[in-house]
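Below is one structure; the comments refer to it alone.
The values are calculated or read from the model by the stated rules, or taken from the named source; none is laboratory data. Quick caveat, the model's predicted, so the values are computed rather than measured. Glycine gets a Cβ as well: all are built from the backbone with ideal geometry, and neighbour counts include every protein chain shown.
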Amino acid sequence: MEPQFLNVGKIVNTHGIKGEVRVISSTDFEERFEPGSVLFITSKENTEPVKVIVSSHRKHKQFDLLTFEGYEDLNQVEVFKNSILQVDQSQLHELEEHAYYYYEIIGCEVYLESGQYIGVIKEILAPGANDVWVVDRGHSKEVLIPYIEDVVKEINIDQKRIWIEEMEGLLS
């Protein structure tokens with residue numbers, strides 16, 4: 001089952017006194033933060049997502065700074081610290097061939113081309129040039145798989161299965 005909301009960033013702090021929030025982005029689509037964009041804020045305290053409309057967006061160091069319509073001062077946005085910014089699933093973009101949303105990959109079973117079961121992808125890391133998939137092997141040590149053509153041979157999202165070529169030292 002696909003989630004209704006997908007994460008696009010985390011509000012890590014406020015910025016200044018005019019209602020700006022400091023966001024660490026987790027989206028490749030910068031237009032998610034353009035003025036007029038609809039976002040949802042969720043936190044452990046809120047059972048229902050709070051719908052907000054982006055009023056302004058600018059970059060500052062490694063952060064995205066956002067303001068929302070109707071939230072003009074620090075006191076109004078203070079409650080959003082450590083919350084997650086999300087978009088409704090209906091706002092997803094079509095991806096190019098061989099590109100996937102994280103939620104499509106997480107939960108997939110991983111097999112070697114020989115058919116040997118490896119485990120289930122539980123997390124995706126994005127440390128640099130390519131993503132790295134963290135595979136939970138149950139009682140064995142986790143396996144890290146680079147998402148590169150030489151290793152990942154086939155992805156079937158409908159079956160939630162991925163086949164990889166065995167790499168030296170993968171299972172040791």
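I want to confirm something. Restricting to the stretch 73-90 and keeping residues that are part of a helix (DSSP H, G or I) and within 21 Å of the chain's Cα centre (by Cα), which single residue is modelled with the lowest pLDDT? Ranking the candidates gives 90 first.
Conditions tested, residue by residue: (1) aromatic (Phe, Trp, Tyr); (2) not in a strand (DSSP E or B).
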{"position": "100", "(1), (2)": "yes, yes"}
{"position": "111", "(1), (2)": "yes, no"}
{"position": "114", "(1), (2)": "no, yes"}
{"position": "120", "(1), (2)": "no, no"}
{"position": "123", "(1), (2)": "no, no"}
{"position": "136", "(1), (2)": "no, no"}
{"position": "142", "(1), (2)": "no, no"}
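Residues of the stretch 11-27 include none that is part of a loop (DSSP other than H, G, I, E, B) and free of Cβ contacts under 8 Å to residues at least 12 places away in the same chain. Kindly establish whether residue 109 is over 20 Å from residue 159 (Cβ atoms) and among the acidic types (Asp, Glu). No: the conditions fail for residue 109. The listed residues are 118, 124, and the only one of them that is at pLDDT below 90 and either of a type in the set (D, E, K, R) or outside the structural domain of residue 33 (by TED's automatic domain parsing) (or both) turns out to be 124.
Take the residues in the stretch 103-127 that are free of Cβ contacts under 8 Å to residues at least 60 places away in the same chain and within 18 Å of residue 8 (Cα to Cα), then tell me which one is surrounded by the fewest Cβ atoms within 10 Å (Cβ to Cβ). For the stretch 103-127, the residue satisfying everything is 127. Filtering 104, 109 for residues that are of a type in the set (D, E, K, R), under 17 Å from the mean Cα position of the chain (by Cα) and closer than 23 Å to residue 4 by Cα leaves a single hit, 104. So in the stretch 144-170, with the set limited to residues that are among the hydrophobic types (A, V, I, L, M, F, W, C) and not in a strand (DSSP E or B), which one is modelled with the lowest pLDDT? The residue in question is 170.
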